[in-house]
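Let me begin by presenting the structure, written as structure tokens, before commenting on it.
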Amino acid sequence: DPICRQIDNSEIAQLSQDGDIVLAGIFYFHSSWKNRENTYTQKPLALQCISLNFREFQFAQTMLFAIEEINNSTDLLPGISLGYNIYDTCGSIPRSIKVALALNNGNNNRSSNPEKTCTKPAEMQAIVGETSSSPSTAISTLIGPFHIPLISHFATCACLSDKTKYPSFIRTIPSDYYQSRALAQLVKHFGWTWVGAVRTNDDYGNNGMAIFTETAEQLGICLEYSVSFFRTDSTEKIQKILQQIKKINFKTKEGEEVYFNENGDPAAKYEVINWQRRENGIVDFVTVGLYDASLPLNKQLKLQNKSLLWAQSSTQVPVSVCSEMCPPGTRKVHQKGKPVCCHDCIRCAEGEMSNITDAVTCVRCPPESWSNERRDACKNKEAVFLSYEEIMGILLTTAALFGICITAIVIIIFYRNRKTPLVKANNSELSFLLLFSLTLCFLCSLTFIGQPSKWSCMLRHTAFGITFVLCLSCVLGKTM
């Protein structure tokens with residue numbers, strides 16, 4: 001008879017218990033494995049795990065505790081017992097995929113029933129795990145088409161919220177979609193506009209950094225560099241189970257609300273922890289703030305700045321900017337080849353001003369105004385005029401009065417000798433008119449001294465024009 005055989009050996013669960021409903025758990029009790037060189041002439045040996053991971057063992061114990069509490073409760077699932085099969089993947093993604101395939105296909109070494117094929121409904125109703133985002137991505141891609149729920153307690157990659165790729169993935173930890181934005185808002189809160197970023201070279205680090213970079217650019221933060229480093233039910237019933245899990249909404253004894261949104265993510269809440277070294281050398285982890293993505297945008301981040309300690313136990317927030325802010329009276333000029341946060345501050349030109357910080361351009365003052373010395377405001381232009389108290393004003397007044405006196409003396413001499421042949425021959429009418437116009441010209445020059453007004457400006461230009469033309473006319477008449 002045809003026998004359906006599994007190519008590799010069955011996966012052995014490290015912890016197991018029978019029950020009416022069996023849940024699978026995928027953890028890595030070991031952090032790594034010994035590398036072995038494959039000769040490709042024989043079957044590869046099984047992974048030899050090393051570096052025991054007590055934290056993962058605690059996660060598995062938490063799952064066992066929850067199952068025992070449910071089985072011992074008369075209110076939760078009465079008459080139904082839960083079982084479990086927990087596997088160790090040693091932190092290997094191929095091993096995680098192999099365990100997921102075994103759980104999906106029943107994990108039997110052979111099937112002697114000729115009427116059954118090798119593919120049959122999965123025996124596991126749900127899988128708890130994985131701890132990291134990369135293996136969770138691989139497992140979700142594998143079991144997603146079969147609608148088997150994968151409930152992760154530590155995979156935070158925002159990419160896993162895409163239900164078109166991972167329809168059956170849900171998690172009890174917030175997505176990095178919120179964590180990365182919280183980090184960007186934290187940087188913005190301290191006024192840091194020029195930072196570097198370090199990430200792990202996996203789905204968690206790469207996707208999280210992509211979201212952080214996008215949010216940082218929106219907040220006006222420049223990223224100088226980003227460095228990475230290495231480290232048996234039917235389908236209908238399974239779909240029904242998945243839908244019921246997604247509708248979970250309850251509060252714990254501590255008042256924490258537990259639910260999943262449309263992307264299978266819980267509410268994002270983070271505590272901001274400050275590492276504070278005491279005098280005895282012990283490092284305390286002090287909670288100095290809270291980030292809650294369910295609140296409005298301007299209230300999501302709350303920090304207690306007075307409780308923060310920086311390097312050398314300083315309470316002063318360090319400054320991280322490429323260029324200082326440009327004060328009023330200057331404008332920003334971008335430094336060529338540098339990020340947008342790097343700029344020079346250029347003083348506004350004469351007749352221009354800027355009264356805001358980090359001004360991009362300077363504003364030209366109105367025609368009646370001029371910029372002050374600091375170039376941060378426009379002031380009215382001062383009226384400059386020739387005064388009688390100034391030396392130049394005194395000299396010009398003296399010269400005008402002297403000219404009037406000389407002309408008056410000549411007029412008197414001509415008047416007394418008006419009947420003499422010499423005066424008559426010199427055309428006495430034009431001579432007197434010429435002397436009179438000269439006197440008026442000297443008098444008009446005095447109107448140009450002193451503070452001008454609207455009427456004085458109109459009068460002096462008109463009077464000077466008339467008297468000067470009259471004077472020239474008399475000279476031309478006498479010449480002819």
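The values are calculated or read from the model by the stated rules, or taken from the named source; none is laboratory data. Bear in mind the structure is a predicted one, so any value in this text is a computation, not a measurement. Note that each Cβ is placed from the backbone with ideal geometry, even for glycine, and that neighbours are counted across all protein chains shown. Surface accessibility is based on the protein's heavy atoms, side chains included, excluding ligands, DNA and RNA. Shrake-Rupley method; radii C 1.70, N 1.55, O 1.52, S 1.80 Å.
When the range 60-70 is filtered for residues that are open to solvent by less than 50 Å² (accessible area, probe 1.4 Å) and not β-branched (Val, Ile, Thr), the ones remaining, listed by number, are Ala60, Met63, Leu64, Ala66.
Being open to solvent by 50 Å² or more (accessible area, probe 1.4 Å) and not aliphatic (A, V, I, L, M) is a description that applies to Gly79. Checked against (1) farther than 23 Å from Val286 by Cα; (2) surrounded by 14 or more Cβ atoms within 10 Å (Cβ to Cβ), Gln300 passes all but a single condition, namely (1).
Report yes if Leu242 is surrounded by 16 or more Cβ atoms within 10 Å (Cβ to Cβ), over 20 Å from Ala158 (Cβ atoms) and modelled with pLDDT of 85 or more, otherwise no. It is false that Leu242 is surrounded by 16 or more Cβ atoms within 10 Å (Cβ to Cβ), over 20 Å from Ala158 (Cβ atoms) and modelled with pLDDT of 85 or more.
Taking each residue of the range 186-209 that is at pLDDT below 85 and looking for partners that are acidic (Asp, Glu) with beta-carbon atoms closer than 9 Å, six or more apart or interchain, yields Tyr204/Asp176.
Checked across the range 109-127, the condition of being modelled with pLDDT of 85 or more, under 23 Å from Phe57 (Cα atoms) and either assigned to a loop (DSSP other than H, G, I, E, B) or not hydroxyl-bearing (Ser, Thr, Tyr) (or both) holds for at least one residue.
Confirm whether His153 is at pLDDT below 90, open to solvent by 30 Å² or more (accessible area, probe 1.4 Å), of a type outside the set (A, V, I, L, M, F, W, C) and in contact with a helix residue (DSSP H, G or I) (Cβ under 7 Å, 6 or more places away or on another chain). Answer is no for this residue.
On inspection, Ala359 does not qualify as outside any loop (DSSP other than H, G, I, E, B), modelled with pLDDT of 90 or more and of a type outside the set (D, E, K, R).
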